[in-house]
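Coordinate-derived values only; no laboratory data. None of these values were measured; they are calculated from a predicted model. Cβ placement follows ideal geometry from the backbone for every residue including glycine, while neighbour counts extend to all protein chains displayed.
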């Protein structure tokens, strides 16, 4: 009997509890849902050093790393050789070296190494949210993305003297593969005649030429350990991604001007100012500053940049497991390319000040106690598809808030708001 009463009590409690909870309703954003406010910021000033163009707006926030999706840079490798096949790796060696080389360079991207200068700095070691992906020809199942070329006229690298060719593009123009979308890396030997000269340095060196690299000094040095040259690769790719040498002023306040010491010594200034920055010439090359990381991701986020063309477009197709959930108060100052849905939870506030691309079929959901603020923002799909729009939810007297400040632009969503024609006429929302 006692057991029966307990069961009845539990059932009644469940019924009472469920009837007391307000039912959640949802609908796509309507005109009456929007609150309009004046914006203090200038609209979408991407050329400014502030806001949408500021490097630190793109530096990963370790408290919300899911807001900064990993980016994958497509690469391939070319090994230039003499027709006698003695000046570089053969096909099997080249493929093996490439895989180990990319892994070694990627390990430094994964490590969180604190910048060594200025001394006693409080700069954080932020994650580098980009990786390298070896990219064969998509229509050739036998392609590996690693190529060996035998060319007596173009196999060599010379970086000083009257026959200097390090900045010439002839080898790139002849052998680059998927040049419009892949970073072509050419591993070249120093010219045999140059090697014989006592005044010529046969050390590891390289040069970035837009979306291409030339690297020399690996094979003929006799040291074929990939880790020994991983700093060289990351350094030159840093140039491709928009970084300058860090010993002079490079546009970043967190990279102090210094003497570019190769290593720590007892003699000033190298006793305290020996750098480990990847963009200096030093024995370590393992550190990136927040500004440097931000500059890279800013360039990768620019729709018209040459760096963006090198990326695997992971933001086109909806990945539900990459949904971003906002639970606290967040402001996005930099442009973003999301890979999943976007949900502003109860108690969460998201202010978007720049461009945000949502994948095909993705939607923004504003929970009953959530708030979405668009300040001159641009919401769109970067892949020519449509995203699903903004869903507002309510429960009882609570309703998700959507606030427009300035002139937000909503593109690539046919399901958006009622009365959109009126908005277009008033230039509050513009279809592009």
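Descriptive notes on the structure:
- Cα shape, region 241-349, gyration tensor, a/c 1.5 rule: prolate
- Largest GNM mean-square fluctuation across 296, 34, 344, computed for the chain with C-alpha springs under 10 Å, falls on 34.
- Of 339, 38, 93, the sequence from fewest to most neighbouring Cβ atoms within 10 angstrom is 38, 93, 339.
- Antiparallel %, DSSP beta bridges [both residues in the chain], to 5: 20 percent
- Here the relative contact order of the chain, from alpha carbon pairs under 8 Å that lie six or more residues apart, stands at 19 percent.
- Proxy reagent accessibility, fewest Cβ within 10 Å first, across 415, 133: 415, 133
- Sequence-separation-based contact order of region 70-301, relative, with Cα cut under 8 Å and 6+ spacing, percent: 24 percent
- Largest first and in whole Å, the equivalent-ellipsoid semi-axes of region 82-170 read 34, 22, 12, each the square root of five times a Cα gyration tensor eigenvalue.
- Inter-label distance for residue 164 and residue 26, nm, one decimal - labels placed 7 Å from Cα along Cα-to-Cβ: 6.2 nm
- Residue order, fewest to most surrounding Cβ atoms within 10 angstrom, among 27, 288: 27, 288
- Segment residue 385-residue 153, length gained on full extension (0.36 nm per residue, minus Cα span): 78.8 nm
- For region 231-316, the relative contact order works out to 25 percent when only alpha carbon pairs closer than 8 Å and six or more residues apart are counted.
- Within region 123-251, DSSP assigns beta bridges of which about 45% are antiparallel (rounded to the nearest 5).
- Kirkwood Rh in Å, taken over all unlike Cα pairs in region 201-289: 13.8 Å
- Cα extents for the chain along the principal axes, largest to smallest and rounded to whole angstrom: 94, 65, 54.
- Residue among 395, 105, 301 with the largest mean-square fluctuation in a Gaussian network model of the chain, springs linking Cα atoms under 10 Å: 395
- Distance between the pseudo-spin-label points of residue 121 and residue 37 (7 Å out from Cα toward the beta carbon): 3.6 nm.
- For region 125-176, the alpha carbon convex hull comes to 151 Å³ per residue, rounded to a whole number.
- Against the chain, whose longest principal axis is taken from its Cα atoms, helix 230-240 shows a tilt of about 70°.
- Extension gain for residue 178 to residue 312 (0.36 nm times residue separation, less C-alpha to C-alpha distance): 46.9 nm.
- Of 305, 181, 244, the one that fluctuates the most in a GNM where the chain has Cα springs shorter than 10 Å: 305
- For region 278-344 versus region 75-110, the gap between their alpha-carbon centres in whole angstrom: 28 Å
- Separation of alpha-carbon centers, region 123-160 and region 384-409, rounded to whole Å: 44 Å
- DSSP finds beta bridges in region 70-301, and of those with both partners inside it, around 20 percent are antiparallel.
- For the chain, the longest principal axis of the alpha carbon atoms and the long axis of helix 290-301 meet at an angle near 80°.
- Prolate/oblate/rounded label for region 70-301 (Cα gyration tensor, a/c 1.5): oblate
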